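Colleague: First the structure, which I've put down as structure tokens, then a few questions once you've had a look.
Rule-based calculations on the coordinates, nothing more; no lab input. No experiment lies behind these values; they were computed from the predicted model shown. No Cβ is skipped: glycine too gets one built from the backbone with ideal geometry, and neighbour counts run over all protein chains shown.
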Amino acid sequence: MAGIHPYQRTGAESERMTMQTYTMTNEFHGTTATVRVADDGTISKDAYRRARRKLCGISGCRCFGSSASGKSVLPLLQAEDTGDGRVRLNFDA
Ligand SMILES: [Zn+2]
């Protein structure tokens, strides 16, 4: 007998995360990118890629490796892959 399964709350829905925005400025190019950061300091991989491209879309450009890009981009540059489709920003950088 196929019954109607009662709706069950998943962990993801019951632990709703609050988001904070973090804006970075690449001082070398004068570009900015804003990301929505979850409580645990992570952003989605898509947001990570978009932010990096927005801050510097020039292939071969080395601005990120130099201090010229400024301190606010460091959490993005030193972010680590959490292995579940998200990236954790390193705000201690
Ligand atoms: Zn650049």
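Colleague: If you place +1 on the Cβ of every Lys and Arg, -1 on the Cβ of every Asp and Glu, and leave all else neutral, what size is the dipole of the stretch 18-81 about its Cα centre, to the nearest 20 Debye?
Modeller: In total the dipole reaches around 320 debye.
Colleague: Something else: Over all alpha-carbon pairs of the stretch 14-88, lay out the pair-distance distribution in 5 Å bins, whole %, shortest bin first.
Modeller: Answer for the stretch 14-88: a P(r) of 3, 16, 28, 24, 16, 8, 3, 1, 1 percent.
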